[in-house]
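This report concerns only the one structure given below.
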Amino acid sequence: MHFSTFTAASVLALASSALAGKAAVKNNCGQDVYLTITRQDQSHTQQKLAANGGYFSEQLSGQGNSYGLTKNQDYYSANTPKLIWGASDSAGVVYYSLNNVDGNPFNGQGVRLTGNQANCPAVTSVDGSTKACSNSNDFTLTLC
């Protein structure tokens, strides 16, 4: 009985992760940008996205995901303008928003957060409003 319960739970976990969408960032700007990812547990990583096509993608899962974008490596400085894409996956729904902190690093250059499903609202202005969509959606944040 324990084996069949474990097997059923494993199959359900695999099915739900197979349905989970992706989070991607594409840098179309003429300069490198830095992506700092912070998780709910406050762990973080940083990587450079090359100018004119740098790309990052990962499975979107869990709550408290923060994708912070800057034009320099000093993400945690109060003098560094940041674009922050927040995303949380809960009960089959992803809640997402775009915000600026300490200024707008892409002022006048344009940013666009889109999904691959027609019923998922795109974000074209950084206003902090929260949107919601199925967690099977693939999201792409395009810079410039």
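If I ask for residues that are within 14 Å of the chain's Cα centre (by Cα) and either closer than 17 Å to Asn27 by Cβ or loosely packed, with under 14 Cβ neighbours inside 10 Å (or both), which ones from the stretch 101-115 would you list? Of everything in the stretch 101-115, those that are within 14 Å of the chain's Cα centre (by Cα) and either closer than 17 Å to Asn27 by Cβ or loosely packed, with under 14 Cβ neighbours inside 10 Å (or both) turn out to be Val111, Arg112, Leu113, Thr114.
Just to verify a result, which residue in the stretch 11-50, among those that are modelled with pLDDT under 80 and of a type in the set (A, V, I, L, M), is nearest to the chain's Cα centre (by Cα)? Taking the candidates together, the pick is Ala20. State whether one or more residues within the stretch 58-72 are without any contact (Cβ under 8 Å) to a residue 60 or more places away in the chain, buried (at least 16 other Cβ atoms within 10 Å of the Cβ) and among the hydrophobic types (A, V, I, L, M, F, W, C). There is no residue in the stretch 58-72 that is without any contact (Cβ under 8 Å) to a residue 60 or more places away in the chain, buried (at least 16 other Cβ atoms within 10 Å of the Cβ) and among the hydrophobic types (A, V, I, L, M, F, W, C). Of all the residues in the stretch 87-141, those that are assigned to a loop (DSSP other than H, G, I, E, B) and of a type outside the set (Gly, Ala, Ser) number 18.
Only one of the numbered conditions (1) in contact with a Gly (Cβ under 6 Å, 6 or more places away or on another chain); (2) touching a residue at least 60 places away in the same chain (Cβ under 8 Å); (3) assigned to a strand (DSSP E or B); (4) not acidic (Asp, Glu) is violated by Ile84, and that is (2). Screening Gly68 with (1) farther than 19 Å from Cys29 by Cα; (2) touching a Ser or Thr at 6+ places or on another chain (Cβ under 7 Å); (3) assigned to a strand (DSSP E or B) gives one miss only, at (1).
Residues considered: Ala51, Ala118, Ala20, Ala87. Of these, the only one that is hydrophobic (A, V, I, L, M, F, W, C), over 20 Å from Cys144 (Cβ atoms) and surrounded by fewer than 16 Cβ atoms within 10 Å (Cβ to Cβ) is Ala118.
The values are calculated or read from the model by the stated rules, or taken from the named source; none is laboratory data. On a predicted model such as this, the values are computed, not experimentally measured, just so you know. When we count neighbours, we look across all protein chains shown, and the Cβ atoms used for this are built from the backbone with ideal geometry, even at glycine.
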